[in-house]
Amino acid sequence: MRTIVCMLVAVAALTAGYPQAAHGQVRAKAAVTCVSAGQVLEYDCTIRLANARSGEPLSGLTVSVGADMPSMPGMHNVRAVKATEQAEKGAYKVRLELEMHGDWAVQIDLRGAVRDRVISMLRFEEADVTDVKPSSGRRGH
Amino acid sequence: MDDYLVSVLSNIGVISFVALSAYLLLLTGEISFGQQAFFAIGAYAAGMATAMWGWPLALGIAWGAAVGAACAVSLGIPTLRLRGLQFSIATLAFAEMVRILFELFRYQVDIDGEPVGPNGTDGFRSIRYIFDHNIETFDFMMLIYTMLAVTLAGFMLLERSRLGVIFRMIGEDATLASLQGIAVARYKVLAAGIAGALAAVGGGLYAHLTTYVEPRTFDVMLGVHSLAYGLIGGLGTALGPLLGVVIDVGLLESVRLFAGYRMIIFGGLVALLLIFRPRGLLDERLVNRIGRLFRNAISGSTRTGRGSR
Amino acid sequence: MDLLDLIDAAQSVADGLLFGSTYALLGIGFTLIFGVMHKINLSYAAASIGAAYGSLLLLSGFTAAPAVIVFMAAALCGGVIGALVYFIGFKFIPVANPLATLMSTVGLLLLIDEIIVHTTEGVPLAYPALYSDVVVRLGQFMLRGDLMFVFVLGCACMVLFLLLLYRTRLGIATRAVSQQPIASQLCGISILQVNVLTFVVTGMLGGIAGAMSGAAIGMLSPLLAQPLTVKGLIVTVIGGLGSIPGAIIAGLIVGALESLFQFLRGVTERDLYIMMLLFAFLVFRPGGIFAKAPGRD
Amino acid sequence: MLDLQGIAKHFGGVHAVDGVDLTVKRGEILGLIGPNGSGKSTIVNLVSGLFPLTSGRILFEGDDISDLPSHARVGLGIARTFQNIRLFGQLSVWQNLWVAQNSRQQRQEVFFKRWFGGSAGVQAEIERTLEFFDLAHKRHELAANLSFGEQRRLEFARAISARPNLLLLDEPAAGMNAEEVDQLDARIRKMRDDGFTVLLIEHHVELVMSVADRIAVLNFGRKIAEGPPAAVQDDAAVREAYLGTR
């Protein structure tokens, strides 16, 4: 009983000290297209960033791109690479070096005027890269 | 601090929770291939609490832990009476059931004009708590490690307590333990419940760390790895599984010592290590020996202290 | 449900039953190793897939090798991998520690799987399907030639295997070791020899099962190892740990049910129901379909 | 104190114990002997609740305990040792004794003391037991690292720590040399003087004859004789069981 009371008090204390949500923050969305860069497992990706609500392109940000395999959490954590901004407004380019073919969660971290993280699920195969389609089961038999 | 280092350390911290969860059950002699199920339950429950219902993070994670513990207890009651191997397979079946249920689970609400919530195989995206509240990744890492430190302190206390001794007794010889008057079934369910809560805390943190989860994150491999951490690191102390995580995620994966061949090394390491140290690097004997050294050092110093008086 | 649906359902059950022979073979392998060592070899299904890959490697020099050769090569590779698994994962690990062997075989599972991923870069390879152009029609109902081939081959392997187990000296020694290890040692049976041979034989069986699943699906992928491991475990448990006839029947049942569930409810839910079946068996009937009365101790 | 009423245990077709009536009175040492496979160990296992009875009843201090799980029987004060030593090898000697201390007295301890380190009284009692069994210097050693003789003593000490009303000793002299048997003899006598009730199962006939107040003899799962040591020694049925028909 005493333990339960202690736990409740601890939870209450933790909740009280919490920051409030900063509303009205800019939320980003990203369109990612990747093509094979010639080398096996190397891909050139173009990222077009935009304000999720207004749709206007987001430029002048520091963008770093990492990748993780959802099927192996925390195991294939590819070191994040800085993306270079392109002439086209809101477009950034990056070269990814992956460890194996398959589904990757490309993780785009934005810093600067907008701080956000956008996740894009892509299937990297030998020839091409496709979006992971909704509810694509990976198994037959 | 380097972003990459922060992300690796955060991963190590989060995975440690699952490793500790599997370790606790290993102490009571049960091999569970299903701790990833509670990791998943914690991740979804905590994610739903913060992203969909707007709860604060601490409450969300506590809620995830509670749901995880409740599920673990209700799984433990029918399965813990099974013999070793059958229990392992039952937990495996349960974990797969949970994973598939999450593949079928769709429940989204509209937040800021965007559907948020679990969406079948696509998973549960935009658990954006740390971005909405401007929490730096470094601060979140510190949060993970604070909670890990608290958990470890709890384990240290457990090891010195009667409860820890009872868990180890059950693990070594359940029949003999019951002949010391220990209600084995009750303690096993208790251990399963705590283990479920721990894994769920890890899951809650993981969901907020990566901002997305999807069902296949929680497949059998995660559970198998978390078991292996305890066995590599050792079953003598709670530091063992942490050592296992550091060796695997920290050394093999992040330092890129063996580049893409990490899993081969890992698999081989598990197979070979068990030949030479069946109870891991930090096993009971080693821990006992170190403890004795400490005691000798302390008693030695008090003895000389007395002598000088 | 009208007649057409009924025929479709029956069709999927028949397909599943035919494919279930693969599960039955895997189940036999798991069961036999469990019988002799009293340990589960979790790397078994991965080794089977590995053997199927090995057969492709062995025959990579020859273009379009005949099917029989492909399967024999798979069996050969399976035998070799089986022996390796025994020496790495079982031989030197203390018998008294069941946990250690379980994990060492998990380690081997990861090892084999990852070696496959690395040598093939994770890309699925085509596997020769056999008699895929043959279809036996009975009105609306039809039997696929490749599945029938798999089934016939599976049955032949089972018959051969049972003959080996019950009619040869090796088989008798194996059964003796599984029932009375110490007594059989005193009778002059070398446990090491029997163990190695058991792993080789079950490895060959697994190799054939791996080749069979490759042939039935038409391709090989490292992603197959995990579901096949799970299916093998299910079959072993439902068949009652240690019962060979149980494993055979459970393999066919699981194959048929799986296919039926898939027909009725789709792929995702199929796996859910199979897992629920396994869970229910463990909780309510842990001894499997042919549960014996509990003996002494 | 302990009352076995027609207990039987069948394993498939094997009638390991087949309708035995036996009474252990408070404060006595009852020796239970019999040839190999006569069902002695099965009786201990039945009394400690390792497997269920096929038929019959077990009464302890007048209450039927036939259906109680084994940990509850320990709670009532029935402790035992094993024919082949069973210890918690990965735990220290002290820990082995600590958890075995499961008497009513310990249940009354305050929460903190009970789960962390034990109260002064409990600690003192463990120390006393350690001294009595000459294990005090091995207090922090893992049980697995002890010598055979020490392990036997630790097992004995652990059974005593439960402060049992009834102690079941399953072949405590197995594997001991003459000197150790003498020590054991002395310890069992001391325990009777301290008010323990003992059911002693033993192969070592001299030891039983020397310490037991009464002796019961089993053969093929049935009781064939019961009485004071001298009387049992002269019993024709007993001689026949041990030596075969003349």
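The values are calculated or read from the model by the stated rules, or taken from the named source; none is laboratory data. What you are looking at is a predicted structure, and each value in this text was computed from that prediction instead of being measured. Positions of Cβ are backbone-derived with ideal geometry, glycine not excepted, and every protein chain shown enters the neighbour counts. What goes into the accessible areas is simple: the full protein's heavy atoms, side chains included, and nothing from ligands, DNA or RNA. Shrake-Rupley method; radii C 1.70, N 1.55, O 1.52, S 1.80 Å.
Quick notes on this structure:
- Residues of the range B:238-252 satisfying the condition of being buried (at least 23 other Cβ atoms within 10 Å of the Cβ) and either assigned to a helix (DSSP H, G or I) or among the hydroxyl-bearing types (Ser, Thr, Tyr) (or both): B:240, B:241, B:242, B:244, B:245, B:248, B:249
- Across the range D:54-69, the number of residues qualifying as open to solvent by less than 50 Å² (accessible area, probe 1.4 Å), in contact (Cβ under 8 Å) with a residue 40 or more places away in the chain and under 18 Å from residue D:168 (Cα atoms) comes to 3.
Yes or no, residue by residue, for (1) within 14 Å of chain C (Cβ to nearest Cβ); (2) of a type in the set (S, T, N, Q); (3) within 19 Å of residue B:39 (Cβ to Cβ):
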| site | (1), (2), (3) |
| --- | --- |
| B:98 | yes, no, yes |
| B:101 | yes, no, yes |
| B:126 | no, yes, no |
| B:132 | no, no, no |
| B:138 | no, no, no |
| B:141 | no, no, yes |
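- Within the option set D:218, D:146, being hydrophobic (A, V, I, L, M, F, W, C) and not assigned by TED's automatic domain parsing to the domain that holds residue D:240 holds for one residue only, D:146.
- Lone qualifier among C:245, C:227 - being closer than 20 Å to residue B:33 by Cβ, part of a helix (DSSP H, G or I) and modelled with pLDDT under 90: C:227
- Residues within the range D:118-128 that are within 14 Å of another protein chain (Cβ to nearest Cβ) and crowded, with 16+ Cβ neighbours inside 10 Å, tallied: 4
- For the residues B:153, B:174, the requirement of being open to solvent by 30 Å² or more (accessible area, probe 1.4 Å), of a type outside the set (Val, Ile, Thr) and within 17 Å of the chain's Cα centre (by Cα) singles out B:153.
- Any hit, the range D:131-138, residues being open to solvent by 20 Å² or more (accessible area, probe 1.4 Å), part of a helix (DSSP H, G or I) and within 25 Å of residue D:2 (Cα to Cα): no
- Within the range B:72-88, residues that are closer than 14 Å to residue C:285 by Cβ and more than 7 Å from chain C (Cβ to nearest Cβ) have Cβ atoms under 7 Å from residues that are in a helix (DSSP H, G or I) and open to solvent by 10 Å² or more (accessible area, probe 1.4 Å) in these pairs: B:81/B:185, counting only partners at least 6 apart in sequence or on another chain.
- Within the range B:110-123, the residues that satisfy the criterion of being within 17 Å of residue A:27 (Cβ to Cβ) and either open to solvent by less than 10 Å² (accessible area, probe 1.4 Å) or at the interface with another protein chain (Cβ under 8 Å from one of its Cβ atoms) (or both) are B:112, B:113, B:114, B:116, B:117.
- Among the residues of the range D:90-102, those that are out of contact with any His (no Cβ under 8 Å at 6 or more places or on another chain) and open to solvent by 10 Å² or more (accessible area, probe 1.4 Å) comprise D:90, D:95, D:102.
- Test result for residue C:258, over 25 Å from residue C:39 (Cα atoms), without any contact (Cβ under 8 Å) to a residue 60 or more places away in the chain, open to solvent by less than 50 Å² (accessible area, probe 1.4 Å) and acidic (Asp, Glu): no
- Breaking point among (1) surrounded by 22 or more Cβ atoms within 10 Å (Cβ to Cβ); (2) more than 9 Å from chain A (Cβ to nearest Cβ); (3) within 11 Å of residue B:36 (Cβ to Cβ), for residue B:217: (2)
- For the range C:183-191, the condition holds for at least one residue, the condition being that it is crowded, with 18+ Cβ neighbours inside 10 Å, over 13 Å from the mean Cα position of the chain (by Cα), small (Gly, Ala, Ser) and modelled with pLDDT under 80.
- Considering the conditions (1) in contact with a strand residue (DSSP E or B) (Cβ under 9 Å, 6 or more places away or on another chain); (2) more than 8 Å from chain B (Cβ to nearest Cβ), residue D:91 is excluded by exactly one of them, (2).
- Residue count, the range D:39-52 (criterion: assigned to a loop (DSSP other than H, G, I, E, B) and buried (at least 18 other Cβ atoms within 10 Å of the Cβ)): 2
- Counted residues, the range C:206-221 - those being open to solvent by less than 10 Å² (accessible area, probe 1.4 Å), part of a helix (DSSP H, G or I) and either within 12 Å of residue C:51 (Cβ to Cβ) or within 11 Å of chain A (Cβ to nearest Cβ) (or both): 8
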